[in-house]
Amino acid sequence: MSYVSRRDFLKFSASCLAVAGVSTLLTGCNPLGSQQQLSAVVFSHGVASGDASQSAIILWTRAIPTLATENTITLAWQLATDAEFSELVRSGQASTSAEKDFTVKIDVQQLVAGQRYYYRFIAANGESRVGQTRTLPAEGLAPWKLAVFSCSNYPAGYFHVYREACKRQDLDAVVHLGDYIYEYPADGYASEYAEQLGRTLAPDNTTETISLTDYRKRYALYRTDPDLQELHATLPWYLVWDDHEISNDTWYSGAENHQPETEGDFFVRRAAAVQAYYEWLPIRPPMGEESIQIYRSFQCGDLASLYLLDTRLIARDQQLDYKDFIDPQSGAFATDAFRQAMGAERALLGAEQLQWLSGQLRGSKAKWQLLGQQVLMAKMHLPAELLAVTDYSTLPAKLQDLTAAKQRVLLAQQQGRDPEPTDLARVSQLMPYNLDAWDGYPREREQLFATAKMLNKPLVVLAGDTHNAWHSVLSDQHGEVVGVEFATASVSSPGIEKYLSIAPEQAAGLAAAFQLLMPDLQWCNVHQRGFMVLDITAAEVQCHWQFIDSIVTPDYQPGATHQASFTG
């Protein structure tokens with residue numbers, strides 16, 4: 001006989017409180033068998049499912065009452081094994097109100113593993129569209145195919161990337177690694193095409209999102225997008241936030257884009273952002289919707305363990321900034337102070353989450369260990385002199401010069417000669433270009449790598465955040481490879497090509513230079529929008545990057561593709 005610990009009971013109870021209803025075989029959603037009159041509503045934001053496990057699925061919709069004075073509404077819902085709903089598996093009723101922004105979440109439990117299901121919501125005046133979802137297999141090594149997305153900015157362009165994924169018939173689920181929405185005002189980041197594309201912010205939501213109402217309205221806008229709605233209705237989603245669901249470059253007690261003097265208490269803003277996130281997305285927070293603990297895991301049979309991690313809200317210390325180590329008078333860089341700061345004990349996951357992840361890795365019997373998180377984990381180290389460039393118009397020439405130096409060094413080494421000392425110094429003195437990523441938290445990264453190496457469990461890390469696509473090996477401080485990182489391009493947010501003012505015809509050269517100059521980088525695409533398809537089998541994990549040619553025209557064509565594989 002097995003017993004449920006007090007911690008497990010509290011965890012289960014908290015997760016039950018996170019949704020409008022918990023449906024089991026014994027209770028359904030109405031433990032007393034009561035039936036309330038259904039409300040007349042508008043299903044303007046589609047349906048969704050998520051956090052599918054081997055026995056449970058979250059179902060989601062938003063139902064706006066047709067009567068503006070109505071504060072509480074009641075819906076019926078159905079789950080079946082066929083699209084005609086002749087084979088009902090579960091059904092019930094659920095109520096919601098303005099307090100939850102009229103969102104509905106049902107946690108349907110005690111389901112059959114590895115089963116496809118269909119679901120819908122029913123109101124007094126009609127039905128929602130039908131959604132499709134599926135549970136994870138309980139055992140075996142059947143392939144698992146995931147579409148991976150990040151950084152979807154509504155004003156920046158059309159969500160054609162979501163549409164392209166909808167065309168595929170071979171996907172099992174979606175993983176979204178964050179920046180599902182952006183907090184900026186109407187004239188903010190990447191908004192230059194918004195008016196001509198008809199993708200401006202709502203008239204009553206044009207300022208930066210700070211309050212609960214602000215965040216709710218921003219989600220409401222994004223969820224009107226037809227391509228996003230279609231993908232939500234087609235597949236179960238696994239989601240985790242990045243920074244823009246709250247504010248740019250968030251850490252546990254603040255953010256680059258939060259000014260307490262004018263925008264108030266950061267923790268109040270954070271609580272509002274998290275509440276709206278939980279309301280609008282089909283996830284099951286493991287400790288309930290009052291907690292920011294979002295990290296959780298899922299098991300796909302004996303094939304893969306998927307861990308969704310938080311690198312933003314729970315424990316992250318404030319990012320280091322190069323400018324804080326530059327003397328304002330002399331312009332000299334305080335190398336010793338920087339090294340000391342980089343070597344300090346600074347948290348990204350934090351001790352509790354890292355301990356949880358280590359325990360999960362230790363206990364997993366799966367072939368593959370997948371880490372779904374936000375920021376690049378690989379070492380993205382560039383020659384130090386590149387980081388001193390302030391005039392980006394000179395960057396192509398500087399890169400060309402450094403690339404030539406690196407090629408001379410490699411040639412000399414291949415021929416058994418000593419490279420020119422100046423060349424060797426220029427390409428060997430490397431520094432991380434992005435201190436917001438794991439590169440800014442190297443001690444904690446080494447702790448994770450040491451755990452993976454000790455357990456002999458190579459990591460397959462999924463990342464987003466940068467808006468560009470990357471394939472890197474994960475190497476520890478001794479140069480030993482502990483895994484691989486596959487990073488997705490953005491859905492619509494601009495990447496390095498915009499920040500560095502790189503013309504499309506220069507992009508290939510920039511990517512090639514990065515690949516040559518950064519030792520752990522295997523490949524990159526620095527100028528196109530797209531997504532990844534992760535094809536996981538017992539033999540390998542294959543990553544397929546799919547790009548599209550435009551996000552600023554109503555029509556588009558699938559663009560370039562790239563593939564890489566990892567065999568452990």
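The values are calculated or read from the model by the stated rules, or taken from the named source; none is laboratory data. This one's a predicted model, so the numbers in the text were calculated from it and none came from an experiment. Cβ coordinates were reconstructed from backbone atoms using ideal geometry, including for glycine residues, and neighbour counts include every protein chain displayed. Accessible surface is based on the protein model in full, side chains and every heavy atom, while ligands, DNA and RNA are left aside. Shrake-Rupley method; radii C 1.70, N 1.55, O 1.52, S 1.80 Å.
Restricting the range 288-299 to residues that are among the hydrophobic types (A, V, I, L, M, F, W, C) and not in a strand (DSSP E or B), which is least open to solvent (accessible area, probe 1.4 Å)?
Looking at the filtered set, the residue picked out is 294.
Any residue that is open to solvent by 10 Å² or more (accessible area, probe 1.4 Å), in contact with a Ser or Thr (Cβ under 7 Å, 6 or more places away or on another chain) and part of a helix (DSSP H, G or I) - is there at least one of those in the range 512-530?
Looking for residues that are open to solvent by 10 Å² or more (accessible area, probe 1.4 Å), in contact with a Ser or Thr (Cβ under 7 Å, 6 or more places away or on another chain) and part of a helix (DSSP H, G or I), one finds at least one in the range 512-530, hence yes.
Can you name every residue in the range 159-212 that is of a type in the set (Phe, Trp, Tyr), closer than 18 Å to residue 554 by Cβ and in a loop (DSSP other than H, G, I, E, B)?
159, 193
Starting from residues that are of a type in the set (Gly, Ala, Ser) and assigned to a strand (DSSP E or B), keep the ones in the range 121-136 and report whichever is surrounded by the most Cβ atoms within 10 Å (Cβ to Cβ).
Going through the qualifying residues, I end up with 131.
Determine which member of the set 147, 113 is outside any strand (DSSP E or B), touching a residue at least 24 places away in the same chain (Cβ under 8 Å) and closer than 21 Å to residue 174 by Cβ.
That would be 113, the only listed residue that is outside any strand (DSSP E or B), touching a residue at least 24 places away in the same chain (Cβ under 8 Å) and closer than 21 Å to residue 174 by Cβ.
Restricting the first residue to the range 253-273 and requiring it to be over 23 Å from residue 311 (Cβ atoms), which pairs with a second residue that is hydroxyl-bearing (Ser, Thr, Tyr) and surrounded by 15 or more Cβ atoms within 10 Å (Cβ to Cβ) meet a Cβ separation below 6 Å and a spacing of at least six or different chains?
Correct list of pairs: empty, since none qualify.
Pick from 468, 434: which is surrounded by fewer than 21 Cβ atoms within 10 Å (Cβ to Cβ) and at pLDDT 95 or above? Outline the logic, then answer.
On the way: 468 fails: surrounded by fewer than 21 Cβ atoms within 10 Å (Cβ to Cβ).
Answer to the check: 434.
Does residue 412 meet the test of being out of contact with any Leu (no Cβ under 6 Å at 6 or more places or on another chain) and small (Gly, Ala, Ser)?
Spelling it out, residue 412 is indeed out of contact with any Leu (no Cβ under 6 Å at 6 or more places or on another chain) and small (Gly, Ala, Ser).
Search the range 335-360 for residues being part of a loop (DSSP other than H, G, I, E, B) and open to solvent by less than 50 Å² (accessible area, probe 1.4 Å), and hand back the single one that is farthest from residue 270 (Cα to Cα). Outline the logic, then answer.
Restricting attention to the range 335-360, the residues satisfying the condition of being part of a loop (DSSP other than H, G, I, E, B) are 344-350.
Within this subset, residues satisfying the condition of being open to solvent by less than 50 Å² (accessible area, probe 1.4 Å) are 344, 346-350.
Numbers: 344: 27, 346: 21, 347: 19, 348: 17, 349: 18, 350: 18 Å.
Looking at residues that are part of a loop (DSSP other than H, G, I, E, B) and open to solvent by less than 50 Å² (accessible area, probe 1.4 Å), I get 344.
When you check residue 366 against the structure, is it in a loop (DSSP other than H, G, I, E, B), over 29 Å from residue 248 (Cα atoms) and open to solvent by 10 Å² or more (accessible area, probe 1.4 Å), yes or no?
yes
Mind telling me which of the residues 84, 99, 70, 139 ends up being acidic (Asp, Glu), without any contact (Cβ under 8 Å) to a residue 24 or more places away in the chain, assigned to a loop (DSSP other than H, G, I, E, B) and surrounded by fewer than 18 Cβ atoms within 10 Å (Cβ to Cβ)? Before the answer, list the steps.
Numbers: 99 fails: assigned to a loop (DSSP other than H, G, I, E, B); 70 fails: without any contact (Cβ under 8 Å) to a residue 24 or more places away in the chain; 139 fails: without any contact (Cβ under 8 Å) to a residue 24 or more places away in the chain.
Going through 84, 99, 70, 139 in turn, just one is acidic (Asp, Glu), without any contact (Cβ under 8 Å) to a residue 24 or more places away in the chain, assigned to a loop (DSSP other than H, G, I, E, B) and surrounded by fewer than 18 Cβ atoms within 10 Å (Cβ to Cβ): 84.
Give the range 37-87 a look and list any residue that's of a type outside the set (Gly, Ala, Ser) and in contact with a helix residue (DSSP H, G or I) (Cβ under 6 Å, 6 or more places away or on another chain), or say none. Write out each step before concluding.
Residues of the range 37-87 that are of a type outside the set (Gly, Ala, Ser), as a first pass: 37-38, 41-43, 45, 47, 51, 54, 57-62, 64-67, 69-75, 77-79, 81-82, 84-85, 87.
Answer for the range 37-87, where residues must be of a type outside the set (Gly, Ala, Ser) and in contact with a helix residue (DSSP H, G or I) (Cβ under 6 Å, 6 or more places away or on another chain): 47, 71.
Applying the selection to the range 369-400, what residues are of a type in the set (Val, Ile, Thr), without any contact (Cβ under 8 Å) to a residue 40 or more places away in the chain and crowded, with 17+ Cβ neighbours inside 10 Å?
Matches in the range 369-400: none.
Under the condition of being touching a residue at least 12 places away in the same chain (Cβ under 8 Å) and open to solvent by 100 Å² or more (accessible area, probe 1.4 Å), which residue from the range 406-421 is farthest from residue 518 (Cα to Cα)?
420
Identify all residues within the range 300-334 that are within 24 Å of residue 266 (Cβ to Cβ) and open to solvent by less than 10 Å² (accessible area, probe 1.4 Å); write none if there are none.
Matches in the range 300-334: 308, 309, 310, 311, 312, 313, 316.
Being open to solvent by less than 40 Å² (accessible area, probe 1.4 Å) and of a type in the set (Lys, Arg) is the filter here; which residues of the range 437-448 pass it?
445, the sole residue that qualifies.
Can you confirm whether the range 471-487 contains a residue that is closer than 30 Å to residue 155 by Cβ, open to solvent by less than 10 Å² (accessible area, probe 1.4 Å) and touching a helix residue (DSSP H, G or I) at 6+ places or on another chain (Cβ under 9 Å)? If you could, list the steps in order and put the result at the bottom.
Let us first name the residues in the range 471-487 that are closer than 30 Å to residue 155 by Cβ, namely 471, 485-487.
Subsequent filtering for residues that are open to solvent by less than 10 Å² (accessible area, probe 1.4 Å) retains 485-487.
Applying the additional criterion that residues be touching a helix residue (DSSP H, G or I) at 6+ places or on another chain (Cβ under 9 Å) yields none.
For the range 471-487, residues closer than 30 Å to residue 155 by Cβ, open to solvent by less than 10 Å² (accessible area, probe 1.4 Å) and touching a helix residue (DSSP H, G or I) at 6+ places or on another chain (Cβ under 9 Å): absent.
Just to confirm my filter: which helices (runs of 4 or more DSSP H) fall fully inside the range 216-287 and include at least 3 residues that are under 20 Å from residue 133 (Cα atoms) and either aliphatic (A, V, I, L, M) or open to solvent by 40 Å² or more (accessible area, probe 1.4 Å) (or both)? Outline the logic, then answer.
Values: elements: 226-234, 260-263, 266-280.
Output list reads 226-234.
Check whether at least one residue in the range 495-503 is in contact with a Pro (Cβ under 6 Å, 6 or more places away or on another chain) and either of a type in the set (Gly, Ala, Ser) or in contact (Cβ under 8 Å) with a residue 60 or more places away in the chain (or both), and report yes or no.
Checking the range 495-503: not a single residue is in contact with a Pro (Cβ under 6 Å, 6 or more places away or on another chain) and either of a type in the set (Gly, Ala, Ser) or in contact (Cβ under 8 Å) with a residue 60 or more places away in the chain (or both).
Looking only at the range 546-558, decide whether some residue is in a strand (DSSP E or B), out of contact with any Ser or Thr (no Cβ under 7 Å at 6 or more places or on another chain) and more than 14 Å from residue 164 (Cα to Cα).
There is no residue in the range 546-558 that is in a strand (DSSP E or B), out of contact with any Ser or Thr (no Cβ under 7 Å at 6 or more places or on another chain) and more than 14 Å from residue 164 (Cα to Cα).
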